[in-house]
Amino acid sequence: MLMKTQEKKVSRKIAPDKSTRMLETIYGCKWSLTVYQLLARGINRPGEMVRNVEGLSTKVLNECLRKNTRFGILERLSYNEVPPRVEYRVTEFGTKFMRVLDELEKLQAEIDDEL
């Protein structure tokens with residue numbers, strides 16, 4: 001009597017498309033990590049951000065903020081005041097995403113220590 005063995009087949013693992021693209025885009029923007037630091041310090045208005053970071057222009061900041069808002073990492077809050085006031089804050093998803101970034105930084109530190 002022959003015994004048939006069942007083989008478990010494993011499908012090829014593919015990197016998650018959307019999150020990988022998001023990570024590349026955020027790390028590709030040299031100002032995103034700086035913006036996260038500013039928000040952590042309570043600096044959430046674009047004009048204040050530009051004044052606190054040497055070399056950061058309003059145009060580049062706005063592009064960076066737009067990317068982060070489009071990915072759902074940041075939320076834009078617009079107040080109906082004169083003069084108009086706009087603030088940014090980290091979303092719940094953004095908090096989770098930043099934990100991933102923190103883990104990547106820890107991994108990089110471990111790699112650097114080994115070298």
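The values are calculated or read from the model by the stated rules, or taken from the named source; none is laboratory data. Owing to the predicted nature of the structure, the values given are computational and were not obtained by experimental measurement. In this analysis, Cβ positions are derived from the backbone assuming ideal geometry, glycine residues included, and neighbour counts consider all displayed protein chains.
Laid out as a table, the results:
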read-out: Selection within the stretch 57-76 - of a type in the set (A, V, I, L, M, F, W, C) and either touching a residue at least 40 places away in the same chain (Cβ under 8 Å) or out of contact with any strand residue (DSSP E or B) (no Cβ under 9 Å at 6 or more places or on another chain) (or both); value: V60, L61, C64, F71, I73
read-out: Condition check for I73: of a type outside the set (S, T, Y) and at pLDDT below 95; value: no
read-out: Top-ranked residue in the stretch 77-115 [being among the hydroxyl-bearing types (S, T, Y) and free of Cβ contacts under 8 Å to residues at least 24 places away in the same chain; ranked as farthest from L33 (Cα to Cα)]; value: Y79
read-out: Sole exception among (1) in contact with a Lys or Arg (Cβ under 9 Å, 6 or more places away or on another chain); (2) at pLDDT 90 or above for T25, by number; value: (2)
read-out: Selection from the stretch 82-98 of residues that are under 17 Å from the mean Cα position of the chain (by Cα) and surrounded by 10 or more Cβ atoms within 10 Å (Cβ to Cβ); value: Y88, R89, V90, T91, F93, G94, T95, K96, F97, M98
read-out: G55 under 25 Å from E105 (Cα atoms) and exposed (fewer than 13 other Cβ atoms within 10 Å of the Cβ); value: yes
read-out: Number of positions in the stretch 11-68 that are farther than 18 Å from T91 by Cβ, within 14 Å of the chain's Cα centre (by Cα) and of a type in the set (V, I, T); value: 2
